[in-house]
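After the structure tokens below, expect a handful of questions from me.
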Amino acid sequence: MLKKISIIIVILTLYTIPCKAQSLNNLKAINTIWSKFYEAFETLDYTLMAEIHAKDLIRVSGGKRILDYDTYINNYKSGFKRDKKVNQTSNISLRFFERINNNSTASERGIYKLIRNKGTEKEQAYYGQFHVIFRNTNGKWKITMDYDSTESNTIGEDDYNKAYAIDDFDRFIKN
């Protein structure tokens, strides 16, 4: 009997360790996509947004409208072009309260903070809640669904600070 229990414990240990390691690997890989997302805002480069989103994207904005890939990317193309013209800067950062993944799909929810014209008299901060679904196809993670909302302007700095940093992996791989 003791031998059977020992074998079960060894098997459970062997299967638990790779799952956590794989989850960590997935989080790190997904963070490379988020890095491009950040860079797109910092450089106002819509092509980075196009690169990280799947062609069959479903984009839901504040519960008010649903966009497809082309419309969503074209909105960034014209918006970033307009921002460059008026010298408006954009810095975005994300904090998370949920990060779930397996080898093919990931669901990430959290709070974003968008700062326009950082460090100037015109600086403004905007907050919202987001939910993104990623798919891993042939080793490449892409955003397939992106939902965000200000929740009727009820999301703020406190919500942002309560969520976890993008590199706080331990919070999401320990059960």
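Restricting to the stretch 141-175, name every residue that is touching a helix residue (DSSP H, G or I) at 6+ places or on another chain (Cβ under 9 Å), of a type in the set (Lys, Arg) and modelled with pLDDT of 95 or more.
Lys142, the sole residue that qualifies.
Another question, then. Going by what's in this entry, would Thr154 be described as without any contact (Cβ under 8 Å) to a residue 12 or more places away in the chain, over 14 Å from Ser23 (Cα atoms) and either in contact with a His (Cβ under 6 Å, 6 or more places away or on another chain) or among the β-branched types (Val, Ile, Thr) (or both)?
Criteria met by Thr154.
Can I ask one more? Pull out all pairs, ordered by first then second residue, where Cβ-Cβ is under 7 Å, the residues are six or more apart or on different chains, the first lies in the stretch 160-174 and is in contact (Cβ under 8 Å) with a residue 60 or more places away in the chain, and the second is among the small types (Gly, Ala, Ser) and in a helix (DSSP H, G or I).
If the second residue must be among the small types (Gly, Ala, Ser) and in a helix (DSSP H, G or I), the pairs left are Ile173/Ser23.
Also, I was wondering about something else. Among the candidates Arg135, Arg95, which residue alone is touching a helix residue (DSSP H, G or I) at 6+ places or on another chain (Cβ under 6 Å), in a strand (DSSP E or B), touching a residue at least 60 places away in the same chain (Cβ under 8 Å) and among the basic types (Lys, Arg)?
Among Arg135, Arg95, only Arg95 is touching a helix residue (DSSP H, G or I) at 6+ places or on another chain (Cβ under 6 Å), in a strand (DSSP E or B), touching a residue at least 60 places away in the same chain (Cβ under 8 Å) and among the basic types (Lys, Arg).
Quick check on the stretch 47-79: of everything there that is within 19 Å of Ile30 (Cα to Cα) and in a helix (DSSP H, G or I), which residue is nearest to the chain's Cα centre (by Cα)?
The residue in question is Ile52.
Where residues in the stretch 108-118 are of a type in the set (D, E, K, R) and more than 11 Å from Ala163 (Cα to Cα), which of them is surrounded by the most Cβ atoms within 10 Å (Cβ to Cβ)?
Glu108
Listed here are the residues, each with its yes/no results for (1) modelled with pLDDT of 95 or more; (2) exposed (fewer than 15 other Cβ atoms within 10 Å of the Cβ); (3) aromatic (Phe, Trp, Tyr).
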| position | (1), (2), (3) |
| --- | --- |
| Pro18 | no, yes, no |
| Gln22 | no, yes, no |
| Ile30 | yes, no, no |
| Thr47 | yes, yes, no |
| Ala50 | yes, no, no |
| Asp70 | yes, yes, no |
| Ser78 | yes, yes, no |
| Asn91 | yes, no, no |
| Ala106 | yes, no, no |
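The values are calculated or read from the model by the stated rules, or taken from the named source; none is laboratory data. All of these numbers come straight from a predicted model, not from anything done at the bench. Don't worry about glycine lacking a Cβ; one is built from the backbone with ideal geometry, like all the others, and counts go over all protein chains shown.
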